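Q: Attaching a single structure in structure tokens format; questions to follow.
The values are calculated or read from the model by the stated rules, or taken from the named source; none is laboratory data. Computed from a prediction, not measured in an experiment: that's the story for all the values here. Positions of Cβ are backbone-derived with ideal geometry, glycine not excepted, and every protein chain shown enters the neighbour counts.
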Amino acid sequence: MRDKNIYLEKGIGKLEFGQSEDDVKQILGQPDEMDTMEHEDGSTSLHLMYYDLGLYLSFDSEDDFSLSDIEVDSDEFVLENAVRVGSTKDELLIYLKKKGYTDPYVEDVSTDEDPDMELIAIDELGVNFWLQEGEINSIQVSPADC
């Protein structure tokens with residue numbers, strides 16, 4: 001995968017929201033692992049994990065099993081040449097402020113297993129930044145909630 005740019009509301013590189021599982025496999029090849037999850041509401045999600053790339057893809061039954069969520073935990077993926085895994089909370093907040101998002105949703109999501117975890121989300125852009133100890137440890141993108 002050459003293009004590792006994160007395109008908000010679109011996808012990452014050649015991966016675009018709405019693509020089928022087969023389309024994704026043509027681009028990336030076979031995943032390292034596949035998993036299916038059933039939700040309480042009766043919907044189902046298929047997850048493809050590409051560990052070497054640091055890329056995790058979800059396909060939801062509510063979206064006819066098209067690509068609906070992408071998460072990265074590798075610093076090779078970058079948002080507008082400014083934000084990536086490893087960027088600090090301050091760097092992220094400066095970037096968001098430049099984009100006009102001065103009051104993002106922020107939640108402490110710490111657990112006993114993962115202390116000092118925080119979520120910073122911009123729903124209208126479909127992006128979640130997961131931070132641990134003040135640094136981004138994963139970026140999750142999906143189609144925006146309008």
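Q: Name the single residue that is modelled with the highest pLDDT among those in the stretch 135-146 being surrounded by 13 or more Cβ atoms within 10 Å (Cβ to Cβ) and outside any strand (DSSP E or B).
A: 142
Q: Now for a separate question. Count, please, the residues in the stretch 1-58 that happen to be among the charged types (D, E, K, R) and on the phi > 0 side of the Ramachandran plot.
A: Here is the first cut: in the stretch 1-58, the ones among the charged types (D, E, K, R) are 2-4, 9-10, 14, 16, 21-23, 25, 32-33, 35, 38, 40-41, 52.
Subset that is on the phi > 0 side of the Ramachandran plot: 9.
Within the stretch 1-58, residues that are among the charged types (D, E, K, R) and on the phi > 0 side of the Ramachandran plot number 1.
Matching residues to (1) more than 26 Å from residue 118 (Cα to Cα); (2) touching a residue at least 12 places away in the same chain (Cβ under 8 Å):
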| position | (1), (2) |
| --- | --- |
| 8 | no, yes |
| 15 | yes, yes |
| 29 | yes, no |
| 36 | yes, no |
| 42 | yes, no |
| 49 | no, yes |
| 55 | no, yes |
| 82 | no, yes |
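Q: Let me spell it out: the conditions are (1) under 29 Å from residue 2 (Cβ atoms); (2) in contact with a Gly (Cβ under 6 Å, 6 or more places away or on another chain), and residue 83 meets all of them except one. Which number is the exception?
A: (2)
Q: Now for a different question. Is it the case, given these coordinates, that residue 80 is more than 16 Å from residue 9 (Cβ to Cβ), more than 14 Å from the chain's Cα centre (by Cα), surrounded by fewer than 14 Cβ atoms within 10 Å (Cβ to Cβ) and of a type outside the set (S, T, N, Q)? I'd like the intermediate steps shown before the answer.
A: Numbers: more than 16 Å from residue 9 (Cβ to Cβ): no; more than 14 Å from the chain's Cα centre (by Cα): yes; surrounded by fewer than 14 Cβ atoms within 10 Å (Cβ to Cβ): yes; of a type outside the set (S, T, N, Q): yes.
Here the answer is no, as residue 80 does not meet what is asked.
Q: Identify, from the list 122, 139, the residue that is among the β-branched types (Val, Ile, Thr), under 21 Å from residue 2 (Cα atoms) and touching a strand residue (DSSP E or B) at 6+ places or on another chain (Cβ under 9 Å).
A: 139
Q: Which residues, taken from the stretch 1-47, are surrounded by 15 or more Cβ atoms within 10 Å (Cβ to Cβ), of a type in the set (A, V, I, L, M), out of contact with any Gly (no Cβ under 6 Å at 6 or more places or on another chain) and not in a helix (DSSP H, G or I)?
A: Within the stretch 1-47, 6, 8, 12, 15, 46 meet the criteria.
Q: Moving on. Can you spot a residue in the stretch 66-88 that is in a strand (DSSP E or B), small (Gly, Ala, Ser) and modelled with pLDDT under 90?
A: no
Q: Here's a follow-up. List the pairs whose first member sits in the stretch 106-123 and is part of a loop (DSSP other than H, G, I, E, B), whose second member is polar (S, T, N, Q), and whose Cβ atoms are under 7 Å apart, counting only residues at least 6 apart or on separate chains?
A: 114/132; 116/110; 116/132
Q: Can you tell me which condition residue 92 does not meet? The list is (1) of a type in the set (A, V, I, L, M, F, W, C); (2) within 21 Å of residue 144 (Cβ to Cβ); (3) exposed (fewer than 12 other Cβ atoms within 10 Å of the Cβ), and all the others hold.
A: (3)
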